[in-house]
Amino acid sequence: MSRVPVILSIAGSDCSGGAGMQADIKTSIALGTYCTTVVTAVTAQNFKGVKGVEYVGEKMLRLQLRSILDSIFPDAIKIGMIPCLEAAEIIKEYIESYGLTNIIVDPVITATAGGSLSNETLDSTFEIARLLYPLSTLLTPNIPEIRRLSKTNVQISSESVRELMDEYGIKNLLLKGGHSESPVCEDILYLNNGDIIAYTSPRIDSQHTHGTGCTLSTAIACGLANDKSLEDSVAQAKYIITAAIKNGAEYPVFPEYGPVHQQPPITLSRICAQGRASLP
Ligand code: PLP
């Protein structure tokens, strides 16, 4: 009997339900994948900002990882908020000792609603990067995140992306174009073999984008868990996030700004059939 594909989300909890682990679970359900979770931090936030963050301690982090990995081995992993260096060290240890693969790392640094999700220094951000990025199948930075990692404020070129990949031993990198000024939203996949693939969607004018990064990275993990190639998983995830942003704009939770909505596939296919988004 075949079993349902399983992903593991290693992420922070967002009590507003829009981003973090909550977004990962909703995305996974929408894609028919079972989602196990290891919570790294509990955040208190709403759509106006982050009010507080508490890290999960070493003992509890280890216990969650061991409980899951000893019983429900994940087909793919999504790593989101890593609140401190110690958490990164523990996660690296478990990835290596359990031989985990298909790892998508979303380099979460600040919350969409405003406010830092970590009180770590910039130096420890780079140390976390050195520990975890070489273990990842794919890193999914947005433009502010890649600028921070590249220590630059100027426009990011293909050369600077490749330099960053070499510096941190990143195998594949998806540079998300959501923060660009362009009238279309272009995400660019830089592959290990030197190939570059662009995924383009119309830019949707919306303030309801809380959870976009989490949704995209989890949707890619779900694709890998379903034995899709990385290229096809990114194409599927691009479709899902475009539909989820559209849903968030059309059915807002909060009037001014708020989360994207990951809908069940049946709704996604209806949106597609209506020609509002195109399938990969
Ligand atoms: N993880 C947590 C716990 C968060 O609270 C947030 C944003 O608020 C994120 C990740 C990143 O969210 P987004 O998907 O909007 O980039």
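The values are calculated or read from the model by the stated rules, or taken from the named source; none is laboratory data. Just so we're clear, the structure is a prediction, and the values are computed from it rather than from any experiment. All Cβ positions, even for glycine, are placed from backbone atoms using ideal geometry, and neighbour counts span all protein chains on display.
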Report summary line: Taking the range 224-254 and keeping only residues that are farther than 22 Å from Val184 by Cβ and not hydrophobic (A, V, I, L, M, F, W, C), one is left with Asn226, Asp227, Lys228, Ser229, Tyr251, Pro252
Query raised in the report: Of the residues that make up the range 63-79, is at least one charged (D, E, K, R), in contact with an Asp or Glu (Cβ under 9 Å, 6 or more places away or on another chain) and within 11 Å of the ligand (Cβ to nearest atom)?
Result: yes
Requested in this report: Considering each residue of the range 32-43, count those that are over 21 Å from Leu63 (Cα atoms) and either at pLDDT 95 or above or among the acidic types (Asp, Glu) (or both), and give that number.
Outcome: 1
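If a residue must be more than 10 Å from the chain's Cα centre (by Cα) and outside any loop (DSSP other than H, G, I, E, B), how many such residues does the range 78-111 contain? Outline the logic, then answer.
Within the range 78-111, the first condition is being more than 10 Å from the chain's Cα centre (by Cα), and the residues that meet it are 82-103, 109-111.
Retained after the next criterion (residues that are outside any loop (DSSP other than H, G, I, E, B)): 85-97, 103, 110.
Going through the range 78-111 one residue at a time, the tally reaches 15.
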**Report entry** Search result, residues across the range 56-96 that are among the acidic types (Asp, Glu) and under 23 Å from Arg130 (Cβ atoms)
**Finding:** Glu58, Glu86, Glu89, Glu93, Glu96
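Out of everything in the range 180-204 that is without any contact (Cβ under 8 Å) to a residue 12 or more places away in the chain and of a type in the set (Asp, Glu), what residue ends up being nearest to Ile146 (Cα to Cα)? Spell out how you get there, then give the answer.
So the first thing to find is which residues in the range 180-204 are without any contact (Cβ under 8 Å) to a residue 12 or more places away in the chain, and the list is 181, 193-195.
Add one more test, that the residue is of a type in the set (Asp, Glu), and what stays is 181, 195.
Working: Glu181: 16, Asp195: 19 Å.
Across the range 180-204, the extreme among qualifying residues is Glu181.
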Query raised in the report: Looking at this structure, is Gln262 buried (at least 20 other Cβ atoms within 10 Å of the Cβ) and touching a Leu at 6+ places or on another chain (Cβ under 9 Å)?
Result: yes
Report summary line: Flagged pairs (Cβ under 9 angstrom, 6 or more apart or on separate chains; first in the range 7-22, touching a residue at least 60 places away in the same chain (Cβ under 8 Å) and over 18 Å from Glu58 (Cα atoms); second basic (Lys, Arg) and more than 10 Å from the ligand (Cβ to nearest atom)) are Ile7/Lys78; Leu8/Lys78; Gly17/Lys26
Report summary line: Scanning the range 188-215 residue by residue, those within 16 Å of Val105 (Cα to Cα) and within 16 Å of the ligand (Cβ to nearest atom) turn out to be Gly211, Thr212, Gly213, Cys214, Thr215
Query raised in the report: Looking at Ala19, is it in contact with a Pro (Cβ under 6 Å, 6 or more places away or on another chain) and within 21 Å of Ser217 (Cβ to Cβ)?
Result: no
Query raised in the report: Out of the range 17-32, which residues are crowded, with 23+ Cβ neighbours inside 10 Å and either near the ligand (Cβ under 8 Å from one of its atoms) or outside any helix (DSSP H, G or I) (or both)?
Result: Gly18, Ala19, Gly20, Met21, Ala23, Leu31
Report summary line: Those residues of the range 166-205 that are surrounded by fewer than 20 Cβ atoms within 10 Å (Cβ to Cβ) and either over 18 Å from Ala237 (Cα atoms) or acidic (Asp, Glu) (or both) come to a total of 15
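For every residue, the table says whether it meets (1) out of contact with any Pro (no Cβ under 8 Å at 6 or more places or on another chain); (2) surrounded by fewer than 17 Cβ atoms within 10 Å (Cβ to Cβ); (3) acidic (Asp, Glu).
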residue	(1), (2), (3)
Thr36	no, no, no
Ala44	yes, yes, no
Glu54	yes, yes, yes
Ile82	yes, no, no
Ala87	yes, no, no
Ile95	yes, no, no
Query - Condition check for Ala30: under 23 Å from Gln207 (Cβ atoms) and in contact (Cβ under 8 Å) with a residue 60 or more places away in the chain - result: yes
